[in-house]
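As structure tokens, the structure follows; a few thoughts come after it.
Just so it is clear, none of the values below were taken in a lab; they were calculated from the coordinates. In this text the structure is predicted, and so the values were computed from the model without any measurement. Cβ placement follows ideal geometry from the backbone for every residue including glycine, while neighbour counts extend to all protein chains displayed.
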Amino acid sequence: MSRLESLQRHLKPGTVYRRSDLAAWSKSVDRHARQLVETGVLKKLRNGLYHYPKASSFGAVPADDEQLVRTFLKDDAFLLVSPNAYNSLGLGTTQLYNALVVYNHKRHGVFQLGGRTFRFQRKYKFPRTMTKEFLLVDLVNNLKSLAEDQERLLDKVRTRALTMDSKKLKRAVKQYGKVACKKFFAEVLAGAA
């Protein structure tokens, strides 16, 4: 068995690898990675980042976003947020956005990973999982970057905020809201008291 075949035996379909991961099984990692990319076994996502795609009846399955970001960051402390998720709040938002936002503690900037655009934002605090309260706060935090009528959307946010669990919403505002967001929700929730 050749060293290239030995390396290939360690690879698991559907997994994203860093160059350093491959180096554990190869002394000529750059040459072997290049050969595996040329034969179609690995797909190069960006410098030092590779994907071993799973095969399906429709062709190669793209890398899972969470695994891709986890491998890129070398960290589990992140939250993937799509502005499209705001549509689930029932506020009448209809725009579709092509970039995913990654709240994390390490990176900042726009990166192309596996043909997808990820906007990395360093944040001091973010939840481990997305809640509707966090999503509403995040929408108000990012209102200026949305392609919606802002005043109309804020009216709907006011109405929606009054139907939510006020303790959970206040906690989300306190933990994750920017100054303008905190002021907005303080006025909204004061009117409900």
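Its Cα centre serving as origin, the range 3-63 has a Cβ charge dipole (Lys and Arg +1, Asp and Glu -1) of approximately 120 debye.
Relative contact order for the range 3-63: 37 percent, from Cα pairs under 8 Å spaced at least 6 residues apart, divided by residue count.
Taking 7 Å steps out from each Cα toward its Cβ at Val179 and Arg3 produces label points 5.8 nm apart. Annotation for the range 89-103 versus the range 136-180: alpha-carbon center distance of 14 Å. For the range 3-63, the tally of Lys pairs with Cα-Cα distances below 16 Å comes to 5, considering only residues 8 or more apart or on different chains.
Our summary gives the range 66-192 a relative contact order of 21 percent, counting only alpha carbon pairs under 8 angstrom and 6 or more residues apart. Taking a sphere under 15 Å around the Cβ of Lys167 and counting the other residues whose Cβ falls inside, with K and R at +1 and D and E at -1, yields a net charge of +3. Scaled to the globular estimate 2.2 N^0.38 Å, the Cα spread of the chain, given as radius of gyration, is 1.31. Mean residue ellipticity, 222 nm, helices only, the chain: the sum of -39500 (n - 2.57) across DSSP H runs of n ≥ 4, divided by residue count and rounded to 500, is -12000 deg cm²/dmol.
Between the helical axis of 150-161 and the longest alpha-carbon principal axis of the chain there is an angle of about 80 degrees.
Computed from Cα positions, the angle between helix 166-176 and the longest principal axis of the chain comes to roughly 60 degrees.
Listed by chain and number, the aspartates and glutamates placed with their C-alpha closer than 16 angstrom to that of Lys125 are Asp75, Asp76, Glu133, Asp138; residues fewer than eight positions away on the same chain are left out.
On C-alpha positions alone, give me the angle between the axis of helix 29-38 and the longest principal axis of the chain, in degrees, nearest 10. Roughly 80 degrees between the two axes. Excluding same-chain neighbours fewer than eight residues apart, the lysines reachable from Lys74 by a Cα-Cα span under 16 Å are Lys106. Given their separation in residues at 0.36 nm each and the Cα-Cα distance between them, Leu146 and Thr163 gain 3.8 nm when the chain is fully extended. Treating r as the C-beta distance of Val61 and Gln112 and R0 as 30 Å, the FRET efficiency rounds to 0.95. Selection among Leu80, Ser56, Ser26 by position relative to the dipole of the chain gives Ser26 as farthest towards the positive end (Cβ unit charges, Cα centre).
I'd like the per residue volume of the convex hull spanned by the Cα atoms of the range 3-63, given in cubic angstrom.
75
Quick check for me: using +1 on Lys/Arg Cβ and -1 on Asp/Glu Cβ, what's the dipole size of the range 25-172 about its Cα centre, in debye to the nearest 20?
That gives the range 25-172 a dipole magnitude of about 500 debye.
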